[in-house]
2 protein chains.
Amino acid sequence: MDKSRLHKFKPGFSWSEVEKERYKESDSCWCGIDRNTLIGNRDEGVKFHLRYFEIAPGGNSSLEKHTHEHVVICVRGRGRAVVDDRLHDLENLDVLYVSPDTPHQLINPYSEPFGFMCIVDAERDRPRPLEAEDVARLDASEATKGKYIGYIEGD
Amino acid sequence: MDKSRLHKFKPGFSWSEVEKERYKESDSCWCGIDRNTLIGNRDEGVKFHLRYFEIAPGGNSSLEKHTHEHVVICVRGRGRAVVDDRLHDLENLDVLYVSPDTPHQLINPYSEPFGFMCIVDAERDRPRPLEAEDVARLDASEATKGKYIGYIEGD
């Protein structure tokens, strides 16, 4: 049976028949993030999920790592990504690949929303907080020292 | 080991460290298509591939079907998609899901390049040509009759 569908892009960065979710509202490590699940929650057979995340000005994702990989495509505004001990600027249509177990965080230090598509395997592990040695590596790097947000020792 | 990487988007719709390939050059069913493999050919562990395809003005993809699903995100210009007996206009950031074994074709009838991200499972079956009953369905639909390109009976 044909279950194909089109999600039309709408002004304000939303899509037809896709509901915006406030992401991890109760978790203070995620600040000002909306999620739109475009592919993956409607009985598709694909082995991946496609989500659109938007980080409000001043917001950020958790500083975390996991064994599953991330693919990020910037589609709105711009932002920054801490990826292990490197800091990347992300602008329109830049594509970021985050390899397994690599500490990472997405940050919007700008005054406009920062939106990106994020593709992940459908089956994936849960994010973990960083370990002290990860944080030591970030602190030892000129690029990332003082640029990540929200790590609390023992958190 | 951290194998993360950033592909910077460059003017003219290319990405750093991604080579443009002429797609199926010898196959007359694919006309004027370039492919850029962004994720999937560098020993990643992900269960999906991310490619950027660009169809030149007047070009089109094969009219085909396969059991693997397609996810298409329009990022340059605009185009059309035949999806079974429906015809969709695709514009910037529209997201199209093509379900298993659904006949489909992407077409650029416009004067500007039509570019889209296409996400597929890493493990997937090969495309097959349509069967006569598929074509009969396209011909019975006001939306798609005369709008698809290149079907030759017995091809």
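Values for this structure:
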read-out	value
Residues being closer than 18 Å to B:GLY32 by Cα, assigned to a strand (DSSP E or B) and more than 9 Å from every other protein chain (Cβ to nearest Cβ) - total across segment B:77-124	10
Those residues of segment B:85-107 which are of a type outside the set (A, V, I, L, M) and in contact (Cβ under 8 Å) with a residue 60 or more places away in the chain, in sequence order	none
Residue check, A:PRO103 in contact with a Leu (Cβ under 6 Å, 6 or more places away or on another chain) and modelled with pLDDT of 95 or more	yes
Count of residues meeting criterion [over 11 Å from the mean Cα position of the chain (by Cα) and buried (at least 22 other Cβ atoms within 10 Å of the Cβ)] in segment A:48-57	2
Given (1) more than 11 Å from chain A (Cβ to nearest Cβ); (2) in a loop (DSSP other than H, G, I, E, B); (3) in contact with a Cys (Cβ under 9 Å, 6 or more places away or on another chain), index of the condition B:GLY58 fails	(2)
Residue ID - nearest to the chain's Cα centre (by Cα), chosen from residues in segment B:58-73 that are over 15 Å from B:ASP125 (Cβ atoms) and modelled with pLDDT under 95	B:SER61
Cβ-Cβ under 8 Å pairs, at least 6 apart or on other chains, segment A:1-21 side more than 9 Å from every other protein chain (Cβ to nearest Cβ), far side in a loop (DSSP other than H, G, I, E, B) and buried (at least 18 other Cβ atoms within 10 Å of the Cβ)	none
Checklist (1) among the hydroxyl-bearing types (Ser, Thr, Tyr); (2) more than 15 Å from B:VAL46 (Cβ to Cβ); (3) without any contact (Cβ under 8 Å) to a residue 60 or more places away in the chain applied to A:THR67, failing item	(2)
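The values are calculated or read from the model by the stated rules, or taken from the named source; none is laboratory data. Small disclaimer: the values here were computed from a predicted structure and weren't measured. Heads up, the Cβs are rebuilt from the backbone with ideal geometry, glycines too, and the neighbour counts pull from every protein chain shown.
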